[in-house]
Amino acid sequence: MKRMILVTSPPACGKTYISKQLAKNLKHVVYLDKDTLIPLSKQIFRVGKKPYDRSSDFFEEQIRDYEYEVILNLGFEALIYDDTVLINAPFTREIRDAAYISKLREKLSKLGARLTVIWVITTPEVCRERMLRRNSDRDTYKIKHWNEYIKNVDFSIPSHLDDPTVKDDLLLFYNSSEAEYLKSMHDVLAVLEEGSN
């Protein structure tokens, strides 16, 4: 059966590295990264004569949801031609919206595909260190207003997605240390490869 994998978590938990390593190790996989859409989003800020701020009301109202819509549509299209699509994106709000996930599963079912969510687990301290290290303009607001920003970030596991009768609907990837990363990469790949046989 075909599969859409969402690698999700709050920003700077290590999604991109993990996603790329998973994609390299899986067969017949299309890798998609929502950050690829950032140049288009920056142009919308320019055209709207707004400062580039992904924490702004303008971003929330005019850009955010459309980025998710586009990356999912690219994923649906790719599933017509290959077995697995892996999407690297936070999905922080969507992952906790039961109606949203239900509609996504329904759409995937029509394409003969199922949904697997990989939730990356790290501590807020590790996330902040990674943001400082990557030194990206998308994090400028978050770093400057860290205490305010982090209060609104939900690091809890979206356990409502986990059906105990389904082995691969929600997979947890621990990523606060190298040892955690290596163990999780091994364990998650084993489940994904078993489910693709």
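The values are calculated or read from the model by the stated rules, or taken from the named source; none is laboratory data. Bear in mind that the values here come from a model prediction, so they are computed numbers and not experimental data. We place every Cβ from the backbone using ideal geometry, glycine too, and count neighbours over all the protein chains shown.
Of everything in region 152-183, what is farther than 17 Å from Val126 by Cα, without any contact (Cβ under 8 Å) to a residue 24 or more places away in the chain and not hydrophobic (A, V, I, L, M, F, W, C)? Give them in sequence order.
Correct list: Ser159, Asp162, Asp163, Pro164, Thr165, Lys183.
Which of the residues belonging to region 58-75 are over 22 Å from Arg138 (Cα atoms) and without any contact (Cβ under 8 Å) to a residue 60 or more places away in the chain?
Answer for region 58-75, where residues must be over 22 Å from Arg138 (Cα atoms) and without any contact (Cβ under 8 Å) to a residue 60 or more places away in the chain: Asn73, Leu74.
What are the pairs, 6+ residues apart or on separate chains, where a residue within region 17-30 that is farther than 13 Å from Leu189 by Cβ has its Cβ under 7 Å from a residue that is assigned to a loop (DSSP other than H, G, I, E, B) and charged (D, E, K, R)?
Short answer, once both residue conditions are applied: His28/Asp82; His28/Asp83; Val30/Asp82.
Only one of these conditions is not met by Val126: (1) over 27 Å from His28 (Cβ atoms); (2) touching a helix residue (DSSP H, G or I) at 6+ places or on another chain (Cβ under 8 Å); (3) touching a residue at least 24 places away in the same chain (Cβ under 8 Å). Which number is it?
Here Val126 meets the rest and fails (2).
Specify which of the listed residues (Leu72, Leu104, Leu115) is of a type in the set (A, V, I, L, M, F, W, C), within 28 Å of Leu182 (Cβ to Cβ) and crowded, with 17+ Cβ neighbours inside 10 Å.
That would be Leu115, the only listed residue that is of a type in the set (A, V, I, L, M, F, W, C), within 28 Å of Leu182 (Cβ to Cβ) and crowded, with 17+ Cβ neighbours inside 10 Å.
So Phe45 clears everything in (1) free of Cβ contacts under 8 Å to residues at least 24 places away in the same chain; (2) closer than 18 Å to Lys107 by Cα; (3) buried (at least 17 other Cβ atoms within 10 Å of the Cβ) except one condition, right? Which one?
All conditions are met except number (2).
Looking only at region 90-124, which residues are at pLDDT below 95 and of a type in the set (Gly, Ala, Ser)?
Scanning region 90-124 gives a single hit, Ala98.
What about Tyr52, is it under 28 Å from Lys151 (Cα atoms) and hydroxyl-bearing (Ser, Thr, Tyr)?
Yes; evaluated as a whole, the condition is true for this residue.
Among the residues of region 141-191 satisfying the criterion of being surrounded by 15 or more Cβ atoms within 10 Å (Cβ to Cβ) and among the small types (Gly, Ala, Ser), which is nearest to Ile18 (Cα to Cα)?
Across region 141-191, the extreme among qualifying residues is Ser184.
Can you tell me which of Arg130, Arg93 is out of contact with any Pro (no Cβ under 6 Å at 6 or more places or on another chain), farther than 17 Å from Arg54 by Cα and surrounded by 12 or more Cβ atoms within 10 Å (Cβ to Cβ)?
Values: Arg93 fails: farther than 17 Å from Arg54 by Cα.
Among Arg130, Arg93, only Arg130 is out of contact with any Pro (no Cβ under 6 Å at 6 or more places or on another chain), farther than 17 Å from Arg54 by Cα and surrounded by 12 or more Cβ atoms within 10 Å (Cβ to Cβ).
Here is a yes/no grid of residues against (1) closer than 30 Å to Pro39 by Cβ; (2) at pLDDT 90 or above:
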position	(1), (2)
Asn152	yes, no
Phe155	yes, yes
Leu170	no, yes
Ser184	no, yes
Ala190	no, yes
